[in-house]
């Protein structure tokens, strides 16, 4: 497994309206100066631009991001020689992109 990711911890859930993604359970948020804010509700992770029939599926994909990240990170951590190096390189590149490295 890799270092702990820096993104808002999951799980994330899509709103009933389908255009927003929130972190659940409540997370402690910090200001730019590092001050911890008291939470009164879930943290907004993303607001999906309304784009016809794709809005809710896009929000579902964003909401699944922490789970997808964790699953991919676990697979890469235990992968054996049966996986082509090109595929493993793509997995590693996706993790690097997700970490913002």
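The values are calculated or read from the model by the stated rules, or taken from the named source; none is laboratory data. As the structure is a computational prediction, the values presented were derived from the model and not from experiment. Glycine also receives a Cβ, built like all others from the backbone with ideal geometry; neighbour counts cover every protein chain displayed.
Here's the yes/no breakdown for (1) more than 15 Å from the chain's Cα centre (by Cα); (2) under 13 Å from residue 7 (Cβ atoms); (3) modelled with pLDDT under 85:
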| site | (1), (2), (3) |
| --- | --- |
| 61 | no, no, no |
| 67 | no, yes, no |
| 70 | no, yes, no |
| 76 | yes, no, yes |
| 81 | yes, no, yes |
| 85 | yes, no, yes |
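When the helices (runs of 4 or more DSSP H) confined to region 48-101 are screened for residues that are without any contact (Cβ under 8 Å) to a residue 12 or more places away in the chain and not assigned by TED's automatic domain parsing to the domain that holds residue 13, those reaching at least 3 such residues are found at 65-78, 85-99.
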